Amino acid sequence: MNTEKVTARRLTAGEASELGLQDGIFVSAEMSGLPLDCFAPAFLTEPGENFEGKSFRAKTIFGDEIHVLPDNAEERGIWIADKAGEEIEVLRSAGVLLNLALFVPDGSMESLQSLYAAARDAFGAGIVQRWSEETVAVPDVKVDLYEEPARGRKNTNSQNRDRRALDIYPTRVRFLEPSDGWRFIVEPHKEIVDDTPTI
């Protein structure tokens, strides 16, 4: 998350009603219920004159739409850049949170430390973090992981059943949920052999 200090002032509802769609503003950077103690660059979704005392609707550069009551002291309100104002923290860019489960053949601690060090080198020491770490021993073999309808058809050749191939490693089952009405099927992996004659 990259932020910068910006000098800005808070607008009243009257001042906000004079804003157009092209006017850059700052609103709360809270996104999808994640409270962030800073502001995000944004634009109104309709000209300010259309709101007539209702909440103002703004869309941040991160795609989040929020409703703001500028005069409500309990909200962060709408801010605009102004050299005579006060300093606020503005979110300029945000990364992506990846939740990874890694399968490491011959999973020694040296291998895991090497992976961690390489990730920190690639993305930055302050970016890559291990929030939780669980080591699970799994056989170093491939399996075929499928989904099939929970009520499988009886007397049906397994080759003709409705199924969806998902993965070839057994650890994935621990992190996946089957689709509604489907169940997981795990079978020994079979390499696909193409017997089509070639010339």
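The values are calculated or read from the model by the stated rules, or taken from the named source; none is laboratory data. In this text the structure is predicted, and so the values were computed from the model without any measurement. Note: ideal-geometry Cβ built from the backbone for every residue, glycine included; neighbour counts use all protein chains shown. We work out accessible area using only protein heavy atoms, side chains counted, and drop any ligands, DNA or RNA first. Shrake-Rupley method; radii C 1.70, N 1.55, O 1.52, S 1.80 Å.
What is the set of long-range amide H partners of ARG183 at a cut-off below 5 Å, with H atoms built 1.01 Å from backbone N?
Result for ARG183 returns GLU148, ALA150.
What distance in nm separates the simple spin-label points at LEU36 and ASP71, each placed 7 Å from Cα in the Cβ direction?
Result for the modelled spin labels: 3.0 nm.
Of ASP121, ASP144, which has the most accessible area with a 1.4 Å probe, and how do the rest follow in descending order?
From most accessible down to least: ASP121, ASP144.
Apply the Karplus parameterisation 6.51 cos²θ - 1.76 cosθ + 1.60, with θ equal to phi minus 60°, to every residue of the stretch 108-118 and state each ³J(HN,Hα) to the nearest whole Hz, in sequence, with x for glycine and proline.
Each residue's phi maps through the Karplus curve to give 7, 5, 5, 5, 5, 5, 5, 4, 4, 5, 5 Hz.
Using only the heavy atoms of the protein chains and a 1.4 Å probe, how would LEU19, LEU112 rank by accessible area, largest first?
Heavy-atom accessible area, descending, gives LEU112, LEU19.
Would you kindly state how much longer the chain becomes between ARG9 and LYS190 on full extension, computed as 0.36 nm times their sequence separation minus their alpha carbon distance, in nm to one decimal?
Gain on stretching ARG9 to LYS190: 58.6 nm.
Through the Karplus equation 6.51 cos²θ - 1.76 cosθ + 1.60, θ set to phi - 60°, convert the phi angles of the stretch 145-150 into ³J(HN,Hα) values in whole Hz; use x for Gly and Pro.
9, 10, 10, 9, x, 4
Sorting VAL143, VAL186, VAL90 by accessible area (1.4 Å probe), largest first, what list results?
Largest accessible area first, the residues go VAL186, VAL143, VAL90.
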